[in-house]
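To keep things clear, I will list the structure first and then write my remarks on it.
The values are calculated or read from the model by the stated rules, or taken from the named source; none is laboratory data. Since we're looking at a predicted model, the values are computed, not measured. Ideal geometry is used to build each Cβ from the backbone, glycine not excepted, and the neighbour counts take in all protein chains shown. Heavy atoms of the whole protein, side chains included, go into the accessibility calculation; ligands, DNA and RNA do not. Shrake-Rupley method; radii C 1.70, N 1.55, O 1.52, S 1.80 Å.
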Amino acid sequence: MTTTGYVPISSEAELRDLIGEPSGRAVTKERTRLHDRDKEWLAASPFCLIATADADGNCDVSPKGDPPGFTLVLDDATIAIPERPGNKRADGFRNILSNPHAGTIFVVPGRRETLRISGRARLVRDAPFFSRLVVKGHRPQLALVIDIEQIFFHCPKAFLRSALWQPETWNPDALPSPATITKSVQDTPETLEELETYYGPSYADRLYRTV
């Protein structure tokens, strides 16, 4: 890839000269323990993104979703996120084994703010609290436990700019089906028709089925 014409930023001093320094609430909003408002947000959130990096700095972001309140508050400084059946790549989990840190963003549909939590992360294969993480009869094989080091509410600007929650801006049919995308970018043995069946209505029936 050519970088001709690029004007790089190579230091924090250059970055600050360009964008300025944070001030006011942007500086003071960081906390290290869960407030009752944070717990209310987690209880209402059905979706989060988890960012990790391995020891060499290679990054991953993984979405996690379940019924609202799926993230369990263990105490004022610790949360647990259950793992459900997936593709078994475990990219983020492998990162955590070599670099035990994670950053998360918790989303509540219709709300333009987000809750950001980051801290030291560990994988737990069993614990007494697992019985509180059962959904549709599925008990997670493991959970991600985060010892909170930083927590704060993030402003709504990104959601306002993107108009994410405004249905009149949605256009899912602008893109091909999941099966078509998969067949386009991967050399798969399945035919397009087989992939359409796989990603069809029965896909939702397999969400909590360990295969």
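For the reader, a short list of remarks on this structure follows.
- Assuming charge only on the beta carbon of Lys and Arg (+1) and of Asp and Glu (-1), the dipole of the chain about its Cα centre is about 660 debye to the nearest 20.
- Most to least accessible of 19, 146 (protein chains only, probe 1.4 Å): 19, 146
- Per-residue extension of 0.36 nm, minus the Cα-Cα distance of residue 150 and residue 192, leaves a gain of 10.6 nm for this segment.
- Take the Cα of residue 169, step 7 Å toward its Cβ, do the same at residue 98, and the gap between the two points is 3.7 nm.
- Extended-chain gain in nm, criterion 0.36 nm per residue less alpha-carbon gap, residue 51 and residue 206: 53.3 nm
- Efficiency of FRET between residue 17 and residue 120 - r from beta-carbon atoms, R0 22 angstrom, step 0.05: 0.10
- Here's the picture: a label point sits 7 Å out from the Cα of residue 111 along the beta-carbon direction, and within segment 55-83 the residues with their amide nitrogen under 20 Å of it are 63-82.
- Full extension of the chain between residue 30 and residue 2 gives 6.2 nm of extra length, using 0.36 nm per residue less the Cα-Cα distance.
- Within the listed set 160, 142, 115, the residue fluctuating most in the Gaussian network model of the chain (springs between alpha-carbon atoms under 10 angstrom) is 160.
- For residue 157, the lysines whose Cα comes closer than 28 Å to its Cα, not counting residues fewer than 8 places off in the same chain, are 29, 39, 64.
- In summary, the lysines within cross-link reach of residue 183, defined as a Cα separation below 22 angstrom excluding same-chain residues under 8 places away, comprise 88.
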